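Student: Below is one structure. I have some questions about it.
The values are calculated or read from the model by the stated rules, or taken from the named source; none is laboratory data. Keep in mind the model is a prediction, meaning the values are calculated, not measured. Cβ placement follows ideal geometry from the backbone for every residue including glycine, while neighbour counts extend to all protein chains displayed. For accessibility, only protein heavy atoms count, side chains too; no ligands or nucleic acids. Shrake-Rupley method; radii C 1.70, N 1.55, O 1.52, S 1.80 Å.
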Amino acid sequence: MGKTYEIVPDGGVTSPKGFKAGGLHCGLKKTDRHDLGVIYCEVPAAAAAVYTTNLFQAAPLQVTRESLAEEGVLRAVLVNSGNANACTGRQGEDDARAMRSGIAEALGIPKHQVAVASTGVIGELLKMDRVNAGIAKLPERLSADERGSDDFCQAILTTDLVKKTACVKLTVDGQEVVIAGAAKGSGMIHPNMATMLGFVTTDAAIPAPLLQELLRESTDVTFNMITVDGDTSTNDMLVAMASGLAGNKPLSRDHADFAAFADGLRYVCEVLAKAIARDGEGATKLIETTVVGAGSDEDARAIAKTIIGSSLVKSAAFGADANWGRIIAAVGRAGVSDIDVNTVDIRLGDISVLEQSRPVAFDEEAALAYLKGDTVAIHVDLNHGSGRAVAWGCDLTYDYVRINAAYRT
């Protein structure tokens, strides 16, 4: 089946009907880059969220959970960068709630219709005088055009080198529906959420419970299939808001256009997830690992994640070394017992390096040239079943150590 959506190259979180966004510099970052941003919806939007699996969860996650528990709707998401507000005790919780109350008052909306997110250094209290001053100025920075989306994207970045956005449009009940997203993340990235914040907006009419199900399903095959360094952060969160202003009949799993909407949402999440992997701290290339022929999709996911998370595989990619032994070793230690160790095939791009678990002669110079590119595709066929999965990561470089050796200072 062909694509059921159309990519909107210049779209952003303000593209769906009903949404505005903005950002500014309030003084949390040492540079003059934006560090406070907001997404605002003119109507109560059906909302959903997924969170980090780290046991030490930052205060903003707790506050966002509280907000969503009230009605399952949001009008605004307030985000700061430069400070994670994590492991900051009762004061951190009070500060996160103060952020929620402050932006709610500034926008004239109930505080329980506000989500809060933070990213940056762990263990330091927020400079709330600066945050409060910034919050007071945010309403005048709101815009429904590309500027609003861009300012918001800039406000959520930490060590990211580029902003990360995606947008598609499709037809539901004869009405144009737009799905858009923005994300940040480049370090402390590992499957089951990572140091990433993601925000999805859409003007589709969809009940909050179904949006929650779809968000989780999309996350499982996108954001939960990326890794940069094997670390899972305290602050990861993905929030989705649906204004319902497109004019379609509320979506359900029986709706004729449900599959098209789900496909569009998954695509937006995948673009953002791959952008995070490609922008890994110090990274020079994206690594995409496809595993097929597994006993189940779950087995394939486990193997793909292990390969993409291997420091040895990542280092070999950085050095353009066609060392397939690193890959087969990762397959064998992925914790999957349902593997026939005699039937594994491995390719690097179109270059076959292993067939039926035996090495094959290949052109080393051609492999070197391929691995020097900015994208490396690893294909593993277990020839054992119908399970399939794709995972994304990046190479491990000298710059990763340099960046993280001085992250706090």
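Student: If you filter the range 1-80 for trypsin sites (Lys or Arg not before Pro), then keep DSSP loop positions with at most 10 other Cβ within 10 Å, what is left? Show your work: numbers first, answer last.
Tutor: Values: sites: LYS3, LYS17, LYS20, LYS29, LYS30, ARG33, ARG65, ARG75; in loops: LYS3, LYS17, LYS29, LYS30, ARG33.
Sites meeting the loop and neighbour criteria: LYS30.
Student: Got a number for carbon plus sulfur as a percent of the chain's accessible area, 1.4 Å probe?
Tutor: 49 percent
Student: Going down the table (LYS29/LYS184; LYS111/LYS169; LYS30/LYS127; LYS111/LYS164; LYS111/LYS184; LYS184/LYS372), which pairs top 19 Å between alpha carbons?
Tutor: Details: LYS29/LYS184 16 Å; LYS111/LYS169 31 Å; LYS30/LYS127 12 Å; LYS111/LYS164 28 Å; LYS111/LYS184 25 Å; LYS184/LYS372 26 Å.
Flagged as over cut-off: LYS111/LYS169; LYS111/LYS164; LYS111/LYS184; LYS184/LYS372.
Student: Report for the chain the percent antiparallel among DSSP-assigned beta bridges with both residues inside it, nearest 5. Present the calculation step by step, with values, prior to reporting the outcome.
Tutor: Values: 54 of 74 bridges.
In the chain, approximately 75 percent of DSSP beta bridges are antiparallel ones.
Student: Calculate the translational D of the range 260-394 in whole µm² s⁻¹ from Stokes-Einstein, where the hydrodynamic radius comes from the Kirkwood formula applied to all Cα pairs, the temperature is 20 °C and the viscosity 1.002 mPa s. Write down the numbers at each step before the final one.
Tutor: Working: Rh = 15.1 Å.
In µm²/s, the coefficient is 142.
Student: Keeping every protein chain present and rolling a 1.4 Å probe, give me the accessible area per residue for the range 213-351 in Å². Working shown, then result.
Tutor: Details: 4900 Å² over 139 residues.
It amounts to 35 Å² per residue over the range 213-351.
Student: Using only C-alpha positions, report the orientation-averaged shadow area of the convex hull of the range 67-146, nm², one decimal.
Tutor: Values: hull surface 23.0 nm².
Taking a quarter of the hull surface, the average projection is 5.8 nm².
Student: Using only the Cα atoms, work out Rg/Rh for the chain, with Rh taken as the Kirkwood radius, to two decimals.
Tutor: 0.99
Student: May I ask you to give the solvent-accessible area per residue for the range 1-130, in square angstrom, as obtained with a 1.4 angstrom probe?
Tutor: Values: 5410 Å² over 130 residues.
With all protein chains present, the range 1-130 gives 42 Å² per residue.
Student: Grab the other residues whose beta carbon is less than 13 angstrom from that of THR14, score K and R as +1, D and E as -1, and report the net.
Tutor: Values: positive: LYS17, LYS20, ARG141, ARG147; negative: ASP10, GLU42, ASP145, GLU146, ASP150, ASP151, ASP203.
Local net charge: -3.
Student: Continuing with this model, one more query. Just how much of SER252 is accessible, in Å², when a 1.4 Å probe is used and the result is rounded to the nearest 10?
Tutor: Taking all protein chains as shown, SER252 has close to 50 Å².
Student: Shifting gears a bit: Under 8 Å for C-alpha pairs, at least 6 residues apart: give me the relative contact order for the chain, rounded to a whole percent. Before the final figure, lay out the partial values.
Tutor: On the way: 1093 pairs, mean separation 72.8, N = 409.
Here the relative contact order equals 18 percent.
Student: Taking 0.36 nm per intervening residue step and subtracting the Cα-Cα distance, what contour gain separates ALA361 from ASN132 on full extension?
Tutor: Values: separation 229, 0.36 × 229 = 82.44 nm, distance 6.39 nm.
Using 0.36 nm per residue and subtracting the Cα-Cα distance, I get 76.0 nm.
Student: When the Cα centres of the range 361-385 and the range 247-319 are compared, how far apart do they sit, in Å?
Tutor: If we compute the Cα centre of each part, the gap is 19 Å.
Student: If amide H atoms are built 1.01 Å from N in the plane of the peptide, which residues on other chains or at least 5 residues away come under 5 Å of the amide H of VAL376?
Tutor: LEU286, ILE287, GLU288
Student: Using only the heavy atoms of the protein chains and a 1.4 Å probe, how would ASP129, ASP257 rank by accessible area, largest first? Walk me through the intermediate numbers first.
Tutor: Numbers: ASP129 115, ASP257 40 Å².
Descending accessible area places them as ASP129, ASP257.
Student: What is the Cα coordinate range of the range 50-92 on the first, second and third principal axes, sorted by size from largest, in whole angstrom?
Tutor: 28, 21, 19
Student: Using 0.36 nm per residue of separation minus the Cα-Cα distance, give me the extension gain between VAL121 and THR171 in nm, one decimal.
Tutor: 13.8 nm
Student: Within the range 240-308, report the trypsin sites (Lys or Arg not before Pro) that DSSP leaves as loop and that have at most 14 other Cβ atoms within 10 Å.
Tutor: Numbers: sites: ARG253, ARG266, LYS274, ARG278, LYS285, ARG301, LYS305; in loops: ARG253, LYS285.
Those that pass, being in a loop and sparsely packed, are ARG253.
Student: Can you flag which of LYS163/LYS314; LYS17/LYS249; LYS285/LYS305 are past 19 Å Cα-Cα?
Tutor: Working: LYS163/LYS314 24 Å; LYS17/LYS249 16 Å; LYS285/LYS305 17 Å.
Violating the 19 Å Cα-Cα cut-off are LYS163/LYS314.
Student: Let me ask another. With a cap of 15 neighbouring Cβ atoms within 10 Å, and only residues DSSP puts in a loop, list the chymotrypsin sites (Phe, Trp or Tyr not before Pro) found in the range 14-86.
Tutor: For chymotrypsin sites (Phe, Trp or Tyr not before Pro) across the range 14-86 that sit outside H, G, I, E and B with at most 15 neighbouring Cβ atoms in 10 Å, the list reads PHE56.
Student: Taking a virtual spin label 7 Å from the Cα of SER352 along the C-beta vector, which residues in the range 371-390 bring their backbone nitrogen under 15 Å of it?
Tutor: 379-383
Student: Here is a follow-up. Counting only other residues whose beta carbon sits under 12 Å from that of ALA86, what net charge do I get with K and R as +1, D and E as -1? Each step should come with its number before you reach the end.
Tutor: Details: positive: none; negative: GLU93, ASP95, GLU124, ASP236.
After counting each charged neighbour, the total is -4.
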